[in-house]
Structures are given as C-alpha cells and as structure tokens.
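Each reported figure results from applying straightforward, stated rules to the coordinates on display, with no laboratory input. None of the values given here were measured: they were computed from a predicted structure. Here the Cβ positions follow ideal geometry from the backbone for every residue, glycine too, while neighbour counts run over all protein chains shown.
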C-alpha cells in the first residue's frame, strides 16, 4: 500500500520549487503526494500545473515590524490551522514535509497536534521565522548549508543540500541559441537572472554597463515581471525577457557565466549546473541579510564571486564579471566536488526514515 505525504510551503516560488523537485523521486518511491498551500499564492498555479492534488488554506504573515495586518493575520493563521487539521484528517498522511513560508506554519502545527511526523527543510544559512516557529514540531530538520547545523537542534539536524529540479539538468544549448537568435561569433553568453520579481538595482547596473558588456558578451537578461526596457533593444548582443520558464534549462545550458541574486534556490541551481557565477546578494536594507550569508558561504567554498550591492558600480560590475569569466575554470573545478549535490535523494531518505 502506497504511503501518503503532504508537501507544504509557499508565498514565493522559492518555497515551492524545492518541493516540486522532490515529487518525481517520491512518486518513484510510491508515495501518494498532496500539496497544501494558500488559497491563491504562487504555489497554487505551480503545483496544479504539475497535476498534483492541491488544497488551499487561510494564511497570515508573521511580521517582526508594525503593520495594521498584525491585528488580523493571527485570526487567519488560526483559521488556517483548523482548515489544515480537517484536510489532514481526510488525507491521513504518513508524513508532512515543509519547505517553509508562512502558509506552512499552521500545516506543521496541525500535523504535530495529530501526531503526524513532520520533516522541515531550511534553505538559507540562517533559519527564517516561519521555520523557527515550526522546529519544535519537527522530527527532522534538513538544511542546505553545513553551518546551519549550528543554528538548529543538534539531535534533529541533517545536512542534505538543497533539492534541484531534475529538468534543469537536461538543457539543450543549441535550442537556446535558436530561441534567443543572437549574433554569431566568439561571444560568450552572460545570463543575468534576478528571480520572478526581478532585481531592480541589478537591472539598472547591468543596463548602465551594456555599452561595455556587449563588446565582449552576448547578454541574456531576465528582468522580472514589468521590468522590460524596450529602448535597450538597440544594443546588438542583448536580449531581455521578463521571465522564462519552459526554456530556462536550455538557457542555463547555453550560459558561460551567470549573474544572480543569492537566494538559496538560485545559487544551488547554479551550483548543480556548475556555472561560473557572480552573486549580488540582496542588501540588509531589503532583507534580513540571509542572501549575504548564503553568498559568503559560496564564496568561501570557491563556488562564486560576490559583489555587495552597496559596492556595485558600472566599473566594479564589469570588473567582477570579467574576473569570473577569465577564471571560470577554477570556479567549475570547485563546484565539481561540492558535497551539497545529491539533495533530492538525501531528503527522500530522511522523509522515509520518519514514516
């Protein structure tokens, strides 16, 4: 008889894609997979596109700062807890796996209240608030970085790396060349990727550097939704897209160098693909600083070069990109033996061990 697993996590694609990366392996292990997310978060469309059974619950954000919604969101969390208990009672899963995000908290707490084993995965170097709130309910806590083990309960932490979608490993560079249809010649391909929402400061810096960048590289720029600039189409050797989904694996295969933010999913995808890269982490002005710690860890291992946002200028950006490309072989060599690879199998083994 097949085991049943509930996956949860949402609010951003980063809380959903790692869950989806596990699905083929879980199904191969004969798990029946169900997903619990928010009513209308980004995870809903991503999960349903994969033909996975989906249930939505109420979700409230837990903030460290003042906001009028702080007075109403606790009631949404309570409602979500009740809804999650009802769904779990109907499904009767053997295990719940949480990737984080605030929608996961009521699901994890509901599972624990029903004595259903819970496994959590922490993507970043330091735990986020949602996962911190869920630790007491977890049998095991998987983490992407070895150093994260210092920040979680010692008897439950397991270093696994971060799960990567297998489809990303099967890209076709020739298909990507036909897709972008850029100039021929000895131009290496530089891909700039800032996530589904884009990275405005990085966008502006890349655009300011285009006169020099396009002398050496073909630049493929994923700008984020609503952030295209049609006036830049005049540059030969530059293509921009809001967001790429189906062709992303092919573009990665084509890229000789990648410029990216330092969100956990993005950097572990880059690591798995062994792409020389420049990381520009989100500054503490716009985050809790987790991307800076992620980037520093990758730099220390020789996987990446890091350019802090506050130090970014046209000249420093150009210099950093050229340094990565000129020394690309050393970055590739460092990534070849990364212990963080193989996360899907490692996490599935942890999940299986608690059922």
Q) Do the sum for the chain: with -39,500 (n - 2.57) for every DSSP H run of n ≥ 4, divided by all residues, what is the mean residue ellipticity at 222 nm, to the nearest 500 deg cm²/dmol? A) -12000 deg cm²/dmol
Q.
Suppose the chain between residue 82 and residue 175 were pulled fully straight at 0.36 nm per residue; how much longer would it get relative to their current alpha carbon spacing?
A. 28.7 nm
Q.
Just to be sure I follow: if Rg is taken over the C-alpha atoms of the chain and Rh is the Kirkwood radius over the same atoms, what is Rg/Rh?
A. 0.98
Q: Using only Cα atoms, locate the centre of the range 81-151 and the centre of the range 4-25, then give the distance between them in Å, rounded to an integer.
A: 12 Å
Q: Mind sorting 89, 328, 261, 165 by how few other Cβ atoms lie within 10 Å of their own Cβ, fewest first?
A: 89, 328, 165, 261
Q. Convex hull over the alpha-carbon atoms of the range 167-336: what's its volume per residue in Å³?
A. 107 Å³
Q | Neighbour-count ranking [beta-carbon atoms within 10 angstrom, fewest first] of 139, 275 | A | 139, 275
